[in-house]
1. Direction-averaged shadow area of the convex hull around the Cα atoms of the range 134-242, nm²?
2. To the nearest Å, what is the center-to-center distance of the range 105-170 and the range 247-286, using C-alpha atoms only?
3. Just the number, please: carbon plus sulfur as a percent of the accessible area of the range 196-415, 1.4 Å probe, no ligands or DNA/RNA counted.
4. Where does helix 154-163 land angle-wise versus the long Cα axis of the chain, in degrees 0 to 90, nearest 10?
5. So what are the radius of gyration and Dmax for the Cα set of the range 15-60, in Å?
6. With +1 on the Cβ of every Lys and Arg and -1 on the Cβ of every Asp and Glu, and nothing else charged, how large is the dipole of the range 196-415 about its Cα centre, in debye rounded to the nearest 20?
7. In degrees from 0 to 90, rounded to the nearest 10, what is the angle of the helix 248-259 Cα long axis to the longest principal axis of the chain?
8. Using Cα pairs closer than 8 Å and at least 6 residues apart in sequence, work out the relative contact order for the chain, in percent.
Amino acid sequence: MADTAPIAAAPLTTADGRPLAEALVAAQARSRRRAFLLVVPLLLFVILSFILPIGQMLHRSIYHDGFSSNAPSVSAWFAANPQGTEPDEAAFAALVEDLRTMQANRTAGEAGTRINYVLPESRSLFTKAAREAKDLQPPYREAFLALDPKWGDPVLWEAMRASASPYTFDFYIVATDFERAGDGSIVRVTENRQIYVYLFIKTFLLSGLITLICLVIGFPVAHLLATLPMAKANLLMILVLLPFWTSLLVRTTSWMALLQGEGVINDLLVWIGAISQEGRLRMINNQTGTIIVMTHILLPFMILPLYSVMKVIPPSYARAARSLGATSWTTFRRIYLPQTLPGIGAGALLVFILAVGYYITPALVGGADGQLISNLIDFHMDKSNWSLAAALSAMLLVGVLVLYWLYDRLIGIDNLKLG
């Protein structure tokens, strides 16, 4: 019998003769390139509008060269002498040299402002000394002390040492109500200057309270939306969405007209005899006004996630529980409420994060008593200290991210349902 050799299988090819495996690899590469090109506009938008601004903010919170770039001689002396070294004649001589340069370049105010951020009332020291620097004669230490005794204060020199490098954590120290002592240690500021930590705590507590109020009010409204007949539910949905169609500024100023001492609500209460003319309620320029107005503005962000969850809960579940002997409360607690938790979590997260960052509404209706940390950030950014505003913003961002992480650990971000 003749031996027969096995016939080798021909490689699979495409219609144009290319190996099939090679063609599949090329097709997948083209598909990935097309998908990437479709995502590029969104990616660029996220980078330009989100990542770069946040990165710039974080960099600004630790960078300020107002002093270091204008006082190279003093900065060099600090670099050559360890912390705790008492400023000698060479240090004062370097300071004179820098102040004369500052006066010539008109940058003494910029350098003094940098020191003023961590040690108030320091800017005038630099501007005055810069004007007198050309007339100062050795010994420079005595000349500076004669000019102003504050030049011998170790706290001032420690502030200058901390500012001798453009990169510093001084703004985070200030943002947590601490300061540098004369020996370089970090100590808490006096009680009458402790404002930032208090405002952070106040902001998070008020945001939590507003979130809770929105949940209490929004839960039954969302339930009505999910259970009412279509015609009535549509009308109620229009009323819920109506604030979205109105400017935030218009809504806030409308509440100002309603809540003020001579406003609509007080006039109505006086008219029905609930309060006297002299006992008009103070509901604006305080925390009460901030809570009322922010609750109204943020309420739809709680109702809509709840409604999206409640709408798909089959009514048969509750009927089955009642037919098996469960009371209304037991049915709600054990059957209905657990199924609404994804909507509760989504609404609470949305409302809380939005409330933490609000600043227009507290600025208009909160007065001095209803201000939040966002209002202080806006003040520093607009009129005072960009670096301190960046440090406060970074701390607020970290606080929100920590709460988001806790939410993910305790409830699970996978259970979040926004619609």
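The values are calculated or read from the model by the stated rules, or taken from the named source; none is laboratory data. If you're wondering where the values come from, they're calculated on a predicted model, not measured in any experiment. FYI the Cβ positions are ideal-geometry reconstructions off the backbone, even for glycines, and counts take in every protein chain you see. Ligands, DNA and RNA are stripped out before the accessible areas are found, and what is left, the full protein with its side chains, is counted by its heavy atoms. Shrake-Rupley method; radii C 1.70, N 1.55, O 1.52, S 1.80 Å.
1. Mean projected area for the range 134-242: 13.5 nm², to one decimal.
2. Distance between centres, Cα-based: 51 Å.
3. About 70 percent, which is the carbon plus sulfur part of the accessible surface.
4. 50 degrees
5. Final numbers for Rg and Dmax: 18.7, 60 Å.
6. Here the range 196-415 has a charge dipole of around 780 debye.
7. So the inclination is approximately 80 degrees.
8. Once normalised by length, the contact order is 17 percent.
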